[in-house]
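The structure appears below as structure tokens.
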Amino acid sequence: MSKNGNKKKYIVLIILVIIGTLVVATTISVKEKRHLNFFEKAVKDSTTFMVGAAYKPFGFIKDKIKESNEKNKMYKEYKKLKSMANKAKMYEARIKELEGEVDNLKKSLDINQTITDYKTINATVVNRNVGAWYNTLNINKGSKSGIKEGYAVITDKGLIGKITSVGNFTSTVKLLSTDESINKISVKIEVDDKSIYGLLSSYNKKNNTYLVEGISDSSEIKNGSKVVTTGLTDAFPSGILIGEVKSVTKDRFELAKAVEVTPSVDYNDIDIVTILDRDSK
Amino acid sequence: MIVVVLLISFILEGIVSNLVPTSSLFIPLFSIVSLLVTYPLFNENKIKYLIYSGTLGLLYDLVYTNTPFINTFTLIITALVITFICKFITINKLNLILIILFVLLFNQTINYLLLCLFRYRIFNNATLLEGLYSSLILNVVYSYILYVVIEIINKKRKYKRII
């Protein structure tokens, strides 16, 4: 009886020690933005490669279904694009002219980098939002492709988040659709020729809207105005589309305006992303 | 057999997460489901079961979530709860659904509370509730399918041994 009692005590003690060690290790390691060690990189890279390879047939079927759904809308899209194509040539010429002008101005002012400069790296999503609480996605490019922590990640529709951890061949992206104020982003609302500055502070999953706060400007903000990044922080270049104004209210202190913004990105449909590298340009 | 089931479920979780909308009622948690369904295959070897649970949790942390030891910890605790439940109830087609519902709710609650404790997330009742109910339907269906598949494979193995 006493032997059994001692054995039980030892088991309880071992379990307590393991739990204690795990708690301490977790406290040290769980950070929003952190460097992965060699072991973590190796496991993450190899397993993500396996998951990516296993996903390929499913991805192919998904793409085919998407393709057939889109075929129905093709004629409408074609008509719309045809009318836009004429304007495109005009815009192209204008962009070239402006780019030349910017380059000349940079040379004359001896500026190496502006807030709109960046190099792009394309990547494919391997898996996303595994588990209910994480709001992350893993992509198939890592430090070997030049990706670093903190880089902005976009789709063809706009900003989706930033890189939080980097392996050799994989990276993790923290999405902006985290429904709490973890990452504040400096944004501007484009109203006519004017820019109104604010801070994107949170995401409301229920309404699918971002909240932009800290707007002291008294100008009227129209619904449908574009919201873009300001480029005032290290990670996000200027002019990346975030969404459109849905409604304007007062903040909780009734002092400044608070703006609800509908994201330009559909978070349910992210397959290919682009990482913006501000360092290499 | 156990390792294969756990690994397939683990990889399948990553694949399915890419196919279902993020804001839907179908959040896959196949790793936890596979832990419960494979429990009878361990033949009461609790230490082995806990080691497998911890390893699966660690892999989950490293590959999917980047939160080392959170899922290791929650899966070990979940495994302990499963062993406790299975002392009183045997897993069969009928009570599998009830047990899996309880295990999923328990695991997800602990996981969320730990993430809040380590300041990875900020506690919100509505988010917790939403996360809980959105992770039930798909996983209950998967648990049932997995249970039936394992049962069929086990039967075939038994026949082979007899022959």
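The values are calculated or read from the model by the stated rules, or taken from the named source; none is laboratory data. Since we're looking at a predicted model, the values are computed, not measured. No Cβ is skipped: glycine too gets one built from the backbone with ideal geometry, and neighbour counts run over all protein chains shown.
Just checking, does segment B:120-138 include any residue being more than 27 Å from A:ASN135 (Cα to Cα), without any contact (Cβ under 8 Å) to a residue 60 or more places away in the chain, loosely packed, with under 14 Cβ neighbours inside 10 Å and not small (Gly, Ala, Ser)? Steps first, answer last, please.
Pass one, segment B:120-138, residues more than 27 Å from A:ASN135 (Cα to Cα): none.
Taking every residue of segment B:120-138 in turn, none turns out to be more than 27 Å from A:ASN135 (Cα to Cα), without any contact (Cβ under 8 Å) to a residue 60 or more places away in the chain, loosely packed, with under 14 Cβ neighbours inside 10 Å and not small (Gly, Ala, Ser).
Would a scan of segment B:57-67 turn up a residue that is more than 9 Å from chain A (Cβ to nearest Cβ), surrounded by fewer than 23 Cβ atoms within 10 Å (Cβ to Cβ) and in a helix (DSSP H, G or I)?
Checked against the condition, which is being more than 9 Å from chain A (Cβ to nearest Cβ), surrounded by fewer than 23 Cβ atoms within 10 Å (Cβ to Cβ) and in a helix (DSSP H, G or I), segment B:57-67 yields no hits at all.
Among the numbered conditions (1) within 26 Å of A:ARG278 (Cα to Cα); (2) modelled with pLDDT under 90; (3) more than 15 Å from the chain's Cα centre (by Cα), tell me where A:PRO237 comes up short.
For A:PRO237, the failing item is (3).
Go through segment A:250-264 residue by residue and tally those that are among the aromatic types (Phe, Trp, Tyr) and modelled with pLDDT of 80 or more.
Number of matching residues: 0.
Considering each of B:LYS93, B:LYS48, B:LYS156, B:LYS87 in turn, give the residue that is out of contact with any Lys or Arg (no Cβ under 9 Å at 6 or more places or on another chain), charged (D, E, K, R) and assigned to a loop (DSSP other than H, G, I, E, B).
None of the others qualify; the one that does is B:LYS93.
Can you tell me which of (1) hydrophobic (A, V, I, L, M, F, W, C); (2) within 22 Å of B:ILE11 (Cα to Cα); (3) at pLDDT 80 or above is the one A:LEU105 doesn't meet?
(2)
Among the residues of segment A:175-193, is there at least one that is outside any loop (DSSP other than H, G, I, E, B) and either aromatic (Phe, Trp, Tyr) or facing chain B (nearest Cβ under 10 Å) (or both)? Write out each step before concluding.
Step one: list which residues in segment A:175-193 are outside any loop (DSSP other than H, G, I, E, B), which gives A:175, A:185-191.
Then drop every residue that is not either aromatic (Phe, Trp, Tyr) or facing chain B (nearest Cβ under 10 Å) (or both), which leaves A:175.
Yes, because at least one residue in segment A:175-193 is outside any loop (DSSP other than H, G, I, E, B) and either aromatic (Phe, Trp, Tyr) or facing chain B (nearest Cβ under 10 Å) (or both).
Answer yes or no as to whether A:LYS148 is of a type in the set (D, E, K, R), crowded, with 22+ Cβ neighbours inside 10 Å and closer than 19 Å to A:THR233 by Cβ.
No; evaluated as a whole, the condition is false for this residue.
When you scan segment A:1-52, how many residues do you find that are of a type in the set (Val, Ile, Thr), surrounded by 15 or more Cβ atoms within 10 Å (Cβ to Cβ) and at pLDDT 75 or above?
5
Please go through segment B:106-152 and give me each residue that is assigned to a helix (DSSP H, G or I), within 14 Å of A:LYS205 (Cβ to Cβ) and of a type in the set (S, T, N, Q), ordered by number.
The answer is B:ASN125, B:THR127.
Can you spot a residue in segment B:70-84 that is more than 18 Å from the chain's Cα centre (by Cα) and at negative phi?
There is no residue in segment B:70-84 that is more than 18 Å from the chain's Cα centre (by Cα) and at negative phi.
For B:CYS86, work out the one condition from (1) in contact (Cβ under 8 Å) with a residue 12 or more places away in the chain; (2) within 13 Å of chain A (Cβ to nearest Cβ) it doesn't fulfil.
(2)
Identify all residues within segment B:1-50 that are within 11 Å of chain A (Cβ to nearest Cβ), of a type in the set (Gly, Ala, Ser) and buried (at least 21 other Cβ atoms within 10 Å of the Cβ); write none if there are none.
Correct list: B:GLY14, B:SER17, B:SER31.
Only one of these conditions is not met by B:VAL81: (1) more than 13 Å from chain A (Cβ to nearest Cβ); (2) surrounded by 18 or more Cβ atoms within 10 Å (Cβ to Cβ); (3) among the hydrophobic types (A, V, I, L, M, F, W, C); (4) assigned to a helix (DSSP H, G or I). Which number is it?
Of (1) more than 13 Å from chain A (Cβ to nearest Cβ); (2) surrounded by 18 or more Cβ atoms within 10 Å (Cβ to Cβ); (3) among the hydrophobic types (A, V, I, L, M, F, W, C); (4) assigned to a helix (DSSP H, G or I), only one is false for B:VAL81: (2).
So B:ILE100 passes all but one of these: (1) within 11 Å of chain A (Cβ to nearest Cβ); (2) in contact (Cβ under 8 Å) with a residue 40 or more places away in the chain. Which condition number does it fail?
Checking B:ILE100 against (1) within 11 Å of chain A (Cβ to nearest Cβ); (2) in contact (Cβ under 8 Å) with a residue 40 or more places away in the chain, the one that fails is (1).
Would you please name the residue that is nearest to the other protein chains (Cβ to nearest Cβ), looking only at residues in segment A:140-156 that are closer than 16 Å to A:ARG128 by Cβ and assigned to a loop (DSSP other than H, G, I, E, B)? Can you show your working first?
Going residue by residue through segment A:140-156, those that are closer than 16 Å to A:ARG128 by Cβ are A:140-141, A:153-155.
Next, from what is left, pick out any that are assigned to a loop (DSSP other than H, G, I, E, B): A:140-141.
Numbers: A:ASN140: 12, A:LYS141: 16 Å.
Step by step, filter segment A:140-156, then rank; the result is A:ASN140.
Just wondering, is there one or more residues in segment B:106-122 that are within 13 Å of another protein chain (Cβ to nearest Cβ), of a type in the set (D, E, K, R) and under 19 Å from B:VAL33 (Cα atoms)?
No, segment B:106-122 has no match at all.
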